[in-house]
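*Asks:* Handing you a structure now.
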Amino acid sequence: MNPYEMACYQLERAGEIAGIEEDIVEYLKYPDRAVEVKIPVKMDDGSLRVFTGYRVQHCGVRGPYKGGIRYHPSVNLDEVKALAMWMTWKCALVNIPFGGGKGGVRVDPKKLSIRELERLTRRYTTALIPFVGPKRDIPAPDVYTNEQVMAWIMDTYSNFKGYAVPGIVTGKPVDLGGSFGRNSATGRGVAIITRESAKAIGLELEGASVAIQGFGNVGYWAAKTLHEMGAKIVAVSDSRGGIFDEKGFDPDRVLEHKKKTGSVVGCTDTFLTNEELLELEVDILIPAAVENVINEDNVKNVRARMIVEGANGPVSPKAEEHLDNRCELIVPDILANAGGVVVSYFEWVQDLERYFWDIEKVNHELEKILVKAFNELLSIKREYDSILWRDAAMIAALKRVVDAIKIRGIFP
């Protein structure tokens, strides 16, 4: 399955369990809008290259579209459609008033200079101006995009409007109307949900062993927060490979090493591949890199007691069905990594009101929303008994979206 087929499969499965009408399920398979744009960029050497960009808006019945923009050489329309659909469920599950959106550009940003990256971003933004806006569609950072990319998007959009529009994106620098806590929100949310999940299965977090595939922004903040909660981070990895220490290590020390060398590799004596990390015998496994890393080929070797999906779609549907008999809990991505969109919502509200919160309020409100969402998920899981945790999350989200569709009706 490609990501879009996976997303449709999950939708159909949850719809059938929850008794949702087939025509509404069919309606929700398709995005409201899918835009493909040409992005010509003058390179530093004077040559012209043309890149392809996308923006997909899945379902706006509950509010403006919301979702990140990723820069990656494998970006394609089906992937972006799937990610937009997952954002719809994610926003509904944590009950914030957004619909799902997602964007991406097929490019390897590591091969661009900073000026080329800026020109690419500004041209991409220009192509999307008719489709985005603070009350229409609000982008955010994703894979290989960051605060600086959001600042360029905000500046480009604002120049076309003739005045500053901080609410056009979230994940901006604080000096441009960004929110305290946004940069750490996704990883912090993963840690909060991991803590609540551990309680649900009777796992003591203090001293629990944790392996994290992907030591980017999400992986680092998840590791740091779990380390502060008393968990033992025994393995992390990035695109070059991973490190292992059964005694555990301080994520801040690993981050410093990565800043100096470009990779976590070499921070400890023991090297392991990304594949080996996924197969470690640990209490908690957090895949926080890319889709489909746990699949039919390697699922038989996965030995974690609990899996928390820090990335979007890291466990394939077939693999999940096999793991359900062996793992005590697989926390689905639409809850596990929802912390980012929750604090993006806070940032959007702050931008509209021009009234900004301190970090204590941000973190307090984030925890309150995520814990409530987890408890609602737990209640549905117990109600339906033998279903997957993902099914329970999908049912909770789907019911909110379907209720909104029925109340609003289908126009005209």
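*Asks:* Give G46, G19 a once-over and let me know the one that is over 23 Å from E376 (Cα atoms), of a type in the set (G, A, S) and either touching a strand residue (DSSP E or B) at 6+ places or on another chain (Cβ under 9 Å) or surrounded by fewer than 18 Cβ atoms within 10 Å (Cβ to Cβ) (or both). Please lay out each step first, then the result.
*Replies:* Values: G19 fails: over 23 Å from E376 (Cα atoms).
Sole residue among the options that is over 23 Å from E376 (Cα atoms), of a type in the set (G, A, S) and either touching a strand residue (DSSP E or B) at 6+ places or on another chain (Cβ under 9 Å) or surrounded by fewer than 18 Cβ atoms within 10 Å (Cβ to Cβ) (or both): G46.
*Asks:* Going through region 196-220 one residue at a time, which ones are buried (at least 24 other Cβ atoms within 10 Å of the Cβ), outside any strand (DSSP E or B) and not aliphatic (A, V, I, L, M)?
*Replies:* S197, G214, F215, G219
*Asks:* Filter the strands (runs of 3 or more DSSP E) completely within region 256-321 down to those with at least 3 residues that are open to solvent by less than 30 Å² (accessible area, probe 1.4 Å). Walk me through how you get there before you give the answer.
*Replies:* On the way: elements: 270-272, 284-287, 306-308.
Result: 284-287, 306-308.
*Asks:* Continuing with the same structure: Here is a check on your reading of the model: is K111 of a type in the set (K, R), without any contact (Cβ under 8 Å) to a residue 60 or more places away in the chain and in contact with a helix residue (DSSP H, G or I) (Cβ under 6 Å, 6 or more places away or on another chain)? Step through it out loud before you land on a result.
*Replies:* Numbers: of a type in the set (K, R): yes; without any contact (Cβ under 8 Å) to a residue 60 or more places away in the chain: yes; in contact with a helix residue (DSSP H, G or I) (Cβ under 6 Å, 6 or more places away or on another chain): no.
Spelling it out, it is not the case that K111 is of a type in the set (K, R), without any contact (Cβ under 8 Å) to a residue 60 or more places away in the chain and in contact with a helix residue (DSSP H, G or I) (Cβ under 6 Å, 6 or more places away or on another chain).
A quick yes/no check of all residues on (1) among the polar types (S, T, N, Q); (2) in the same structural domain as I233 (by the TED database); (3) at pLDDT 95 or above:
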residue	(1), (2), (3)
L277	no, yes, yes
I284	no, yes, yes
E296	no, yes, no
P317	no, yes, no
Y345	no, no, yes
Q350	yes, no, yes
E353	no, no, yes
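*Asks:* Can we say G181 is crowded, with 17+ Cβ neighbours inside 10 Å, over 25 Å from E291 (Cβ atoms), within 17 Å of the chain's Cα centre (by Cα) and not charged (D, E, K, R)?
*Replies:* Values: crowded, with 17+ Cβ neighbours inside 10 Å: yes; over 25 Å from E291 (Cβ atoms): yes; within 17 Å of the chain's Cα centre (by Cα): yes; not charged (D, E, K, R): yes.
Criteria met by G181.
*Asks:* Ok, one more. Restricting the search to region 33-79, which residues are hydroxyl-bearing (S, T, Y), farther than 23 Å from A338 by Cα and assigned to a strand (DSSP E or B)?
*Replies:* T52
*Asks:* When you go through L352, L398, L366, L377 one by one, which is the residue that is open to solvent by 80 Å² or more (accessible area, probe 1.4 Å), touching a helix residue (DSSP H, G or I) at 6+ places or on another chain (Cβ under 7 Å), part of a helix (DSSP H, G or I) and not charged (D, E, K, R)?
*Replies:* Numbers: L398 fails: open to solvent by 80 Å² or more (accessible area, probe 1.4 Å); L366 fails: open to solvent by 80 Å² or more (accessible area, probe 1.4 Å); L377 fails: open to solvent by 80 Å² or more (accessible area, probe 1.4 Å).
Result of the check over L352, L398, L366, L377: L352.
*Asks:* Does region 118-131 hold any residues that are touching a residue at least 40 places away in the same chain (Cβ under 8 Å) and either farther than 16 Å from R33 by Cβ or buried (at least 24 other Cβ atoms within 10 Å of the Cβ) (or both), and which are they?
*Replies:* To start, the set of residues in region 118-131 that are touching a residue at least 40 places away in the same chain (Cβ under 8 Å) comprises 119-120, 123-124, 127-128, 131.
If the condition is that a residue be touching a residue at least 40 places away in the same chain (Cβ under 8 Å) and either farther than 16 Å from R33 by Cβ or buried (at least 24 other Cβ atoms within 10 Å of the Cβ) (or both), then R119, L120, R123, Y124 are the ones that fit.
The values are calculated or read from the model by the stated rules, or taken from the named source; none is laboratory data. None of the values given here were measured: they were computed from a predicted structure. Glycine also receives a Cβ, built like all others from the backbone with ideal geometry; neighbour counts cover every protein chain displayed. Accessible surface areas use protein heavy atoms only, side chains included; no ligands, DNA or RNA. Shrake-Rupley method; radii C 1.70, N 1.55, O 1.52, S 1.80 Å.
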